[in-house]
Amino acid sequence: MALAFDEYGRPFIIIKEQEQKSRLRGLDAQKANISAGKAVARILRTSLGPKGMDKMLQSPDGDVVITNDGATILEQMDVDNQIAKLMVELSRSQDYEIGDGTTGVVVLAGALLEQAEKLLERGIHPIRIAEGYEMASRLAVEHLEHISQKFEFNATDIEPLVQTCMTTLSSKIVNRCKRALAEIAVKAVLAVADLERKDVNLELIKVEGKVGGKLEDTELVYGIVVDKDMSHPQMPKRIEDAKIAILTCPFEPPKPKTKHKIDIDTVEKFQTLRQQEQKYFDDMVQKCKDVGATLVICQWGFDDEANHLLMHRNLPAVRWVGGVELELIAIATGGRIVPRFQELTAEKLGKSGLVREKSFGTTKDRMLYIEHCANSRAVTIFIRGGNKMMIEETKRSLHDALCVARNLIRNNSIVYGGGSAEISCSIAVEAAADKFPGVEQYAIRSFAEALDSVPMALSENSGLPPIDTLTAVKSQQIKENNPYCGIDCNDIGTNDMREQNVFETLIGKQQQILLATQVVKMILKIDDVITPNNY
Amino acid sequence: MAVERLFKDEATEEKGDRARMASFVGAMAIADLVKTTLGPKGMDKILQSTGRGRTVTVTNDGATILKSLHIDNPAAKVLIDISKVQDDEVGDGTTSVVVLAGELLREAEKLVNQKIHPMTIIAGYRMAAECARNALLLKAKDNKEDSEKFRSDLMKIAMTTLSSKILSQDKEHFAKLAVNAVLRLKGSTNLESIQIIKKAGGSLIDSFLDEGFILDKKIGIGQPKRIENAKILVANTAMDTDKVKIYGARVRVDSMAKVAEIEVAEKEKMREKVQKIIAHGINCFVNRQLIYNFPEELFADAGVLAIEHADFDGIERLALVTGGDIASTFDNPESVKLGHCKLIEEIMIGEDKLIHFSGVEMGQACTIVLRGASSHVLDEAERSLHDALCVLSQTVNDSRVLLGGGWPEMIMSKEVDELARKTPGKKSHAIEAFSRALQAIPTIIADNAGLDSAELISQLRAEHHKDTSNCGIDVISGGVGDMEKLGISEAFKVKQAVLLSATEAAEMILRVDEIITCAPRRREDRM
């Protein structure tokens, strides 16, 4: 197969150890790739929409994850196929960029591939298909812009934001209390948002979970919650108006980086060394005390003696606090992270109105709440739930909701959900297709059909007859010239998504279409797959 | 053209009905496993570990049984997880929560077979759970105001919890122990200050509650065995050889004489430390770490009782009960708070000598000494007592109380049934199914007791049709009885947690339509 001949007709080998590699070429390669991509999309298809089902994934170590978040499913799946890996990447990049719509993007890509397969069978060259898709995607994105609406909100009127977050959450298992969670997400984002620059740093929002209680107990803490307790059991559990020293140096004698040895050969040396050691501890604690700190948060551990000295001087301390948490605490309290005791000054201390320890349940779980901080720009969402998987899934759902809220603050354009945007785009692309001469016309028309697959999957998952529903909605859109008609998944009785308050962000939708098209183009361009056989 | 392989080797994928079937079967298998332990006549299980020694545990605590299972079915893992959470949150009801979730899924399976979509079932279950919870809320009684009644409520709850355990023979005795211990806590849920010491020998009825603190340690030789008005220093410090903590230090000598000198210096250092400790004016010294012979001798000379190697929890508790600080440096004796107690003495329980601190300052802590014929009995007794203590401490905070013996389930089932009749649409089937699942719990209790469950449940249902009924299953006499008169109560918080987490878990499993199992991570054979 991969043999070539030189000018004298002698065969020579291009690929190393070629007998051990299998190879697919031409149309076969494209078809194999397409079917792999479709297989991935098929897995996710049932998770789309408010009535979508969940997937249960068991990791190599036997842990169970239950989720309907597309990115998570694909990440946890042990995928071996190259093309399937591309789809995984696709969903991940949607997750990084937008945070939501990770399932939708894969379903769309799958539909595009399916349509491309039909065109390939007609003998249309893959590159022409790719070009047609490219044009169509541009059309669709423009059309989205056209049907999008600006919507106004400000720090006091958060209702529109909450509505959008609720759309995101309604497809998750947490939809039982989507209202409460959506409000939490929006408040959290607004707390850390920079409305001037229209930017939100999601890293300032910490999501902590603890099993037990019920989902309704989930709360937003204006401050930081750390899963740690005081280093000494007898330190005060509640500190008001705390001045916090944030340290990254251990309460231990210094360990110089250069190698050195101290030789003890006389009794005097032995004793001076001992005194020096005691002085070290004493100095360290004294320094913290001198600058006026009332709470020490340290990244490292304490020596027993240091611990006692801290306790003795009435200086509560927390040890083994992780680097990320330390940073958040520093941001929230307005303090500086201090790497050396010598550099500790009063200005570098963080301030917080209340630090308290809270215990949960019957086991000795305790967490540290740092609240009323000087700079309330860091918040924590504290999730409670019946079991570990529930908490994990809630975390993922909240992440999606947070991303959506952030995107709205960045760009307040929205389109309507429930498949209405896709249907509207499909109509627009279909209409535009006729204007293009050449083979691309076919590709553009196929693109329009592929767009239909999202509302189709939505209605399928909701138990509605897919073709009937889709055609009905489509004709309604054209007849009434109303691009806001979608699939009535929740059986509310109206097709108008404006009345149902189902919103999605414009950039999210645009990104979905662009990313899906890109990946499909890439897959179509592959015409040779070389895989090592049974390595 | 089919894709040959999407997943890695050995990774499996199950879809649609098969996936659902797999999770139903797994979840129900787990529920059936623990089902027989439910109720006062429930049976125990023997668990044998695969580790070295093949240790055996005999228990009827749901969480303990499930914790020790090695399960491969993902849905079953969800159930194990909720049981664990129930244990951590409220301590009791670990079996009920699994059984209820299993029953909910069993009912759901029937509905799925009738072609009702899982999402519809979930919607119905949610409505039903909400309605059931409201029904419980309405019926719950709160006796917080009346301390006499509250105490009797606590007694009843403790007895009900204990009646399904190994302690049921002496439940009154143990219920009293548990209630007394929990009431000492005065509302805190910190069960750490209740210490449980297990000593084999004697019988269960010999167990007792001690107001002081008992440390399972021996007093050093040549030191006083009895101290009145003790001043105690609780410490966490090295009393072997004090290591030099400065990095890179080492001893390097060139002659034997120098070695001897340094040794003397070391001894001198220790002697100084001991002197400092004694200078606190104490007559009892408790250290978390080892105390070597040399300092121990010094302490004995000074007439100070030195206790070494008290474990971490012991130290914290001791500091708590005696009101002293845990010290690690001893340079300023005036500011270290010493612990006090009236009397320290060595006592004998069975064969063992223990140190007893009585007349401590803080009344919160106490020690329960469990006696029993074998270590298995003791372990199980400890678990049962732990359950009772957990439930009681939670009840002290949330004092709402319900009747037991299947009464709350019947109440909920009645309300849910009514809701089903009012609800239009397919959801009503699911709501009805929920009510059937609730009734399964009294059914199982009756079955486990060898009673005619069908007869009893129908009687019970008829009784509950009247508006205010206190009827439940009286397992002892084998009929329907008035739970209020029989004194069978349960904590509201436990029941609510059972209801909510079981529904949540069932919902979670129902939503799944595909299971993807990754190839198990290969472990290197170390054998």
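So what's the gap between the Cα centers of segment B:57-121 and segment B:449-483, to the nearest angstrom?
First find each Cα centre; the distance between them is then 26 Å.
Testing the spin-label approximation: label points 7 Å from Cα along Cα→Cβ at residue B:398 and residue B:110. State their distance in nm.
Modelled inter-label distance: 3.0 nm.
Within chain B, what's the longest run with no GluC sites (Glu not before Pro) in a DSSP loop and at most 16 other beta-carbon atoms within 10 Å? Give the range, please.
B:362-523
Starting from the Cα of residue A:89, step 7 Å toward the Cβ, then list every residue of segment A:491-535 with an amide N under 19 Å from that point.
A:511-532
Near residue B:124, within a Cβ-to-Cβ distance under 9 Å, what is the net charge of the other residues, with Lys and Arg +1 and Asp and Glu -1?
Combined, the nearby Lys, Arg, Asp and Glu give +2.
Rank the residues B:413, A:359 as a footprinting-exposure proxy: fewest other Cβ atoms within 10 Å of their Cβ go first.
Details: B:413 28, A:359 15.
Listed from fewest to most nearby Cβ atoms, that is A:359, B:413.
Which residues make up the longest stretch of chain A that has no GluC sites (Glu not before Pro) in a DSSP loop with at most 13 other Cβ atoms within 10 Å?
A:197-535
What trypsin sites (Lys or Arg not before Pro) does segment B:84-117 have in DSSP loop regions with at most 12 other beta carbons within 10 Å?
Of the trypsin sites (Lys or Arg not before Pro), the ones in loops of segment B:84-117 whose Cβ has at most 12 other Cβ atoms within 10 Å are B:115.
What does the helix-only formula give at 222 nm for chain B: each DSSP H stretch with n ≥ 4 adding -39500 (n - 2.57), the total divided by the residues, and the result rounded to the nearest 500 deg cm²/dmol?
-16000 deg cm²/dmol
Give me the distance between the Cα centres of segment A:414-478 and segment B:138-155, rounded to whole Å.
Measuring centre to centre over Cα atoms gives 64 Å.
For residue B:69 and residue B:183, compute 0.36 nm times the residue count separating them, minus their Cα-Cα distance, and round to one decimal in nm. Intermediate results must be reported in sequence, preceding the final value.
Values: separation 114, 0.36 × 114 = 41.04 nm, distance 3.53 nm.
Gain on stretching residue B:69 to residue B:183: 37.5 nm.
Run the simple label-point estimate for residue A:491 and residue B:229 please: 7 Å along Cα→C-beta, distance reported in nm.
Computed distance between label sites residue A:491 and residue B:229 equals 8.1 nm.
What does the extension gain come out to for residue A:237 and residue A:313, with contour length at 0.36 nm per residue minus their alpha carbon separation?
25.8 nm
If contacts are Cα pairs under 8 angstrom and at least 6 residues apart, what is the relative contact order of segment B:314-464 in percent?
It rounds to 13 percent for segment B:314-464.
What whole-number distance in Å separates the alpha-carbon centres of segment B:398-446 and segment A:194-231?
37 Å
Given Cα pairs under 8 Å that are at least 6 residues apart, what percent is the relative contact order of segment A:217-315?
Result for segment A:217-315 is 45 percent.
Rounded to the nearest 500, what is the 222 nm mean residue ellipticity of chain A from helices alone, with -39500 (n - 2.57) per DSSP H run of 4+ residues and division by all residues?
So the helix-based figure for chain A works out to -15500 deg cm²/dmol.
Could you compute the net charge surrounding residue B:346? Neighbours are other residues with a C-beta less than 9 Å from the C-beta of residue B:346; K and R count +1, D and E count -1.
+3
What number, in percent, do you get for the relative contact order of segment A:362-461 if the mean sequence gap of Cα pairs under 8 Å and at least 6 apart is divided by its residue count?
Working: 41 pairs, mean separation 20.6, N = 100.
Worked out over segment A:362-461, it gives 21 percent.
So, in nm, how far is label residue A:195 from label residue B:452 when the simple model puts each one 7 Å beyond its Cα toward the Cβ?
Each label point lies 7 Å from its Cα, and together they span 7.3 nm.
How much length is gained if the chain between residue A:471 and residue A:528 is pulled fully straight, taking 0.36 nm per residue apart and subtracting their Cα-Cα distance, in nm to one decimal?
Using 0.36 nm per residue and subtracting the Cα-Cα distance, I get 16.6 nm.
Just tell me the longest site-free run in chain A, where the sites are trypsin sites (Lys or Arg not before Pro) in a DSSP loop having at most 11 other beta-carbon atoms within 10 Å.
On the way: sites that count: A:16, A:122, A:197, A:257, A:259, A:261, A:340, A:435.
Answer from the scan: A:17-121.
So if we plug the beta-carbon distance of residue B:54 and residue B:130 into 1/(1 + (r/R0)^6) with R0 = 35 Å, what FRET efficiency do we get, rounded to 0.05? Display every interim value, and only then the final one.
Details: r = 47 Å, r/R0 = 1.35.
Calculated value: 0.15.
Quick note: the coordinates plus some simple rules give every number you see, no bench work behind them. Keep in mind that what you see is a predicted model, and the values were worked out from it rather than measured. Positions of Cβ are generated from backbone atoms using ideal geometry, with glycine treated the same way; all protein chains shown enter the neighbour counts.
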